[in-house]
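The structure appears below as structure tokens.
The values are calculated or read from the model by the stated rules, or taken from the named source; none is laboratory data. This structure is a prediction, so every number in the text was calculated from the model and none was measured. Cβ sites come from the backbone with ideal geometry, for glycine too, and all protein chains shown count toward neighbours.
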Amino acid sequence: MNCNVQIVNSQRFRPFPRELKQLICRTVQAVAEYEGVQFDCEVCVKLAGRVAVRRLNREFRGIDKATDVLSFPSGEYPPKDGQACCYLGDIALNVEQAQAQAEEYGHSFERELAFLTAHSTLHLLGYDHQTEAEARDMFSRQEAVLTAMGLTR
């Protein structure tokens with residue numbers, strides 16, 4: 001199984017460090033492997049700022065405020081029988097918010113990027129955190145992936 005990750009930089013975040021792009025790609029791959037995804041998949045990650053993410057949040061969720069990450073599942077998961085590759089969906093990652101949260105939580109920017117990427121990838125795979133039980137399950141999966149990647153708090 002291979003997960004192809006396309007990273008799109010907004011003009012504001014050009015250039016974005018290559019090693020951070022690689023971290024995002026590794027995180028998507030790690031989540032897919034942890035979840036036992038058996039087919040090739042694709043994900044598009046948009047690196048954006050607060051203003052862009054706020055606009056997307058308002059447009060697609062009706063919530064007029066910035067957030068750290070947004071997930072837009074394609075609805076193609078799981079793939080139909082015989083389909084070799086599946087487009088999981090899009091992620092809008094608020095780089096400014098990730099930087100602020102890393103400082104607030106006292107861990108590295110890299111760990112926060114990976115955390116948000118893992119969180120969003122799980123949403124693309126159908127997980128949610130609307131109830132306490134769902135939240136516990138989803139957050140334990142995120143932590144397991146980050147721990148396996150060596151990105152602890």
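Considering ARG54, ARG58, which residue is surrounded by 14 or more Cβ atoms within 10 Å (Cβ to Cβ), in a helix (DSSP H, G or I) and charged (D, E, K, R)? Criteria check complete, one pass: ARG54. Of all the numbered requirements in (1) surrounded by fewer than 20 Cβ atoms within 10 Å (Cβ to Cβ); (2) modelled with pLDDT under 95, LEU151 misses one, and that requirement is (1). Has segment 25-38 got any residue that is outside any loop (DSSP other than H, G, I, E, B), of a type outside the set (Val, Ile, Thr), more than 23 Å from ASN9 (Cα to Cα) and out of contact with any strand residue (DSSP E or B) (no Cβ under 7 Å at 6 or more places or on another chain)? Within segment 25-38, one or more residues are outside any loop (DSSP other than H, G, I, E, B), of a type outside the set (Val, Ile, Thr), more than 23 Å from ASN9 (Cα to Cα) and out of contact with any strand residue (DSSP E or B) (no Cβ under 7 Å at 6 or more places or on another chain).
Considering only residues of segment 61-95 that are of a type in the set (D, E, K, R) and buried (at least 17 other Cβ atoms within 10 Å of the Cβ), which is nearest to ASN2 (Cα to Cα)? Steps first, please.
Step one: filter segment 61-95 for residues of a type in the set (D, E, K, R), giving 61, 64-65, 68, 76, 80-81, 90.
Now narrow it down to the ones that are buried (at least 17 other Cβ atoms within 10 Å of the Cβ): 68, 90.
Values: ASP68: 26, ASP90: 17 Å.
Filtering first and then ranking leaves ASP90.
Within segment 55-67, residues that are farther than 19 Å from ALA98 by Cα reach partners that are of a type in the set (A, V, I, L, M, F, W, C) and surrounded by 13 or more Cβ atoms within 10 Å (Cβ to Cβ) with beta carbons closer than 9 Å, at six or more positions or on different chains, in the pairs PHE60/LEU70; PHE60/PHE72; ARG61/LEU70.
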